[in-house]
Amino acid sequence: MNILKTTATAIALSAAAVSAHAENFLGADEVQSANGTYRSEAPEQWYGGFGTREFVFADGQWELIFTHALDPAMTMRTFVFRTGGAFDIVGKSEVVDGAMNGTFHEEWKHVTLLTEIPEVIAGMGMADCGLTPNLETDISETGCAAWRPVAVCGEDHDLIAMTETGVQFGVRPQDNDMCTEDKRPTALLPVVARFQ
């Protein structure tokens with residue numbers, strides 16, 4: 001099984017315990033003009049292993065830096081995925097109280113392979129991506145594993161709920177496909193805390 005398929009159920013269950021309260025969520029204009037860096041406070045369960053998320057917002061742009069590892073101490077790291085571009089808040093969510101619907105444009109996609117173990121690389125679906133360990137590769141045109149080329153999937157239709165101290169995004173589907181409006185999540189992930 002491709003380990004890039006998310007453990008969405010476990011994440012959704014843990015999200016319920018750490019979600020912020022809707023009355024504290026910022027409004028659309030405040031989210032659209034957000035500036036700051038938000039980071040996972042501890043490794044989270046992702047893709048058959050663990051991961052940390054870092055989001056940077058600045059002047060209508062966003063960037064995600066996702067680091068994956070096989071162990072909760074994040075010592076057996078497997079890859080780093082980076083993407084970003086402009087983003088648009090397109091209205092209030094009809095399914096999650098206080099959250100906003102956001103369109104996050106993925107104008108570029110980069111991945112860095114951090115393991116040389118063939119079984120792990122194959123298990124992640126990265127064996128045919130032409131990656132060199134420890135060298136960031138632009139996969140915007142070609143895609144890799146579950147990441148589709150920008151021309152095929154250049155938008156992430158997500159939820160976002162931001163407070164003064166953190167941000168939450170939507171629970172991603174098992175196939176990681178949020179390329180169209182109908183794939184927008186219906187529940188929030190745990191909070192990623194504001195770092196600066």
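Quick rundown of the values:
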| item | result |
| --- | --- |
| Per residue accessible area of region 46-196, 1.4 Å probe, in Å² | 44 |
| Calculated from backbone phi, Karplus (6.51, -1.76, 1.60) coupling profile of region 148-165 in Hz, x at Gly/Pro | 7, x, 4, 5, 8, 9, x, 9, 10, 8, 10, 9, 9, 9, 10, 10, 5, 10 |
| From the coordinates shown, volume of the Cα convex hull per residue in Å³ corresponds to which of (1) 165; (2) 111; (3) 179 | (2) |
| Neighbourhood charge, 13 Å Cβ-Cβ cut-off, centred on V120 and excluding it, Lys, Arg +1 and Asp, Glu -1 | -2 |
| Selected from W147, T103, H157, residue furthest toward positive end of dipole (the chain; charges at beta carbon) | W147 |
| Residues listed by number, region 102-145, amide nitrogen under 18 Å from Q174 label point at 7 Å toward C-beta | 124-125 |
| Residues in region 133-168 reached by a label modelled at W108 [backbone nitrogen below 13 Å; 7 Å Cα→Cβ] | 136-141 |
| Phi-based couplings in Hz for region 89-105 (Karplus 6.51, -1.76, 1.60; Gly and Pro marked x) | 7, 10, x, 7, 5, 8, 10, 10, 4, x, 7, 10, 8, x, 10, 9, 6 |
| Solvent-accessible area, 1.4 Å probe, carbon plus sulfur percent, for the chain | 52 |
| Length released on extending from I117 to E30, taking residue separation times 0.36 nm less the Cα-Cα span | 26.9 nm |
| 0 to 90° range, to nearest 10: angle between helix 8-18 axis and the chain longest Cα axis | 40 |
| Dimensions in Å of region 103-171 - Rg and Dmax from alpha carbons | 14.8, 43 |
| Residue-averaged 222 nm ellipticity for the chain, from DSSP H runs of 4+ at -39500 (n - 2.57), nearest 500 | -3000 deg cm²/dmol |
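The values are calculated or read from the model by the stated rules, or taken from the named source; none is laboratory data. Since the model is a prediction, treat every value here as computed from it, not as a measurement. Cβ atoms come from the backbone with ideal geometry, glycine included; neighbour counts cover every protein chain shown. Remember, those area values only see protein heavy atoms, side chains included, never the ligands or the DNA or RNA. Shrake-Rupley method; radii C 1.70, N 1.55, O 1.52, S 1.80 Å.
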